[in-house]
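**Q** Please read through the structure below; I'll follow up with questions.
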Amino acid sequence: TFAAHTDHQERMQLQSMCCSLIGQCIQRLSSEVIIQYADRTMTFTLQVFITKGAVAHEYAFMMVGYLADKLGSDFGRYLQHFMPALMTGLRNVEEYQVCTCAVGVVGDLCRALGREVSSVCDDIVRALLELLQSPSLTRIVKPQVLAVFADIAMAIEADFQRYAPLVLHMLQQAGEVTITTTDEEIIEYINSLREAILEAYAGIIQGLKTENK
């Protein structure tokens, strides 16, 4: 699909389908099988991110998340190479589906790498806080952004202390949101927001408790 003569729209569609299919294969095959193809998978996936294409990027992020889950700590060798694509995705407020998938991958990386993700957390946390403050980001993404702080805290444990003041302040602000309405869509959003806030608090408490041991 990377051939120069390929039509852009056709290429995006093909890459989306390929990423989706490979992602399904990764989920179903064993780690021992997947690791044989991991280098080639990441090499080509990073090429997908070079070309603009929202749908292709969405499926590419999901595929990377599946790969990280399968490889666990072995995914660490790809982390620095993957970071530029991840940061671009986290800043893509216009294409919220891509942004949502990028946020999801942050959680996948935290669960796969544990404390190793600490080396890139400054950039990730900064991008997440910017997302929460962005007036351009559709509101449905924000609960997922809040919830992923739980994954970060549980991954890096006591190291999360350096982010705690800013994150807790943001959680407090989000928790003060109250809207009187009968609109079911808005009510559902507020409930999901509150659920995400509680999830974030629980994860932060779980992660920071190691500091007192």
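**Q** From the set of residues in the stretch 28-52 that are exposed (fewer than 13 other Cβ atoms within 10 Å of the Cβ) and not basic (Lys, Arg), which is farthest from Ala112 (Cα to Cα)?
**A** Ile50
**Q** Any chance you could count how many residues in the stretch 185-196 are open to solvent by 100 Å² or more (accessible area, probe 1.4 Å) and either closer than 14 Å to Ala147 by Cβ or touching a residue at least 60 places away in the same chain (Cβ under 8 Å) (or both)? If you could, list the steps in order and put the result at the bottom.
**A** Narrowing the stretch 185-196 to residues open to solvent by 100 Å² or more (accessible area, probe 1.4 Å): 185, 188, 194-195.
Adding the requirement that they be either closer than 14 Å to Ala147 by Cβ or touching a residue at least 60 places away in the same chain (Cβ under 8 Å) (or both) leaves 194-195.
The total comes to 2.
**Q** Please count how many residues of the stretch 134-180 are out of contact with any helix residue (DSSP H, G or I) (no Cβ under 7 Å at 6 or more places or on another chain) and free of Cβ contacts under 8 Å to residues at least 40 places away in the same chain.
**A** 10
**Q** If you don't mind, there's one more thing I want to ask. Any residue at all in the stretch 169-184 that's under 21 Å from Asp122 (Cα atoms) and either open to solvent by less than 40 Å² (accessible area, probe 1.4 Å) or acidic (Asp, Glu) (or both)?
**A** Within the stretch 169-184, one or more residues are under 21 Å from Asp122 (Cα atoms) and either open to solvent by less than 40 Å² (accessible area, probe 1.4 Å) or acidic (Asp, Glu) (or both).
**Q** Next question. Check the stretch 68-75 and report whether any residue there is in a helix (DSSP H, G or I), closer than 24 Å to Val117 by Cβ, free of Cβ contacts under 8 Å to residues at least 40 places away in the same chain and open to solvent by less than 50 Å² (accessible area, probe 1.4 Å). Spell out how you get there, then give the answer.
**A** Step one: of the stretch 68-75, the residues in a helix (DSSP H, G or I) are 68-75.
This time we only want the ones that are closer than 24 Å to Val117 by Cβ, so: 68-75.
This time we only want the ones that are free of Cβ contacts under 8 Å to residues at least 40 places away in the same chain, so: 74-75.
Imposing the further condition that a residue be open to solvent by less than 50 Å² (accessible area, probe 1.4 Å) reduces the set to 75.
For the stretch 68-75, residues in a helix (DSSP H, G or I), closer than 24 Å to Val117 by Cβ, free of Cβ contacts under 8 Å to residues at least 40 places away in the same chain and open to solvent by less than 50 Å² (accessible area, probe 1.4 Å): present.
**Q** List, please: which pairs have Cβ atoms under 9 Å, are six or more places apart or on different chains, and start with a residue in the stretch 87-109 that is farther than 21 Å from Met154 by Cα and open to solvent by less than 10 Å² (accessible area, probe 1.4 Å) and end with one that is outside any helix (DSSP H, G or I) and of a type in the set (S, T, N, Q)?
**A** These pairs meet every condition: Val98/Asn92; Cys99/Asn92; Cys99/Thr138.
The values are calculated or read from the model by the stated rules, or taken from the named source; none is laboratory data. Being a predicted model, the structure only gives us computed values, none of them experimental. Cβ atoms come from the backbone with ideal geometry, glycine included; neighbour counts cover every protein chain shown. For accessibility, only protein heavy atoms count, side chains too; no ligands or nucleic acids. Shrake-Rupley method; radii C 1.70, N 1.55, O 1.52, S 1.80 Å.
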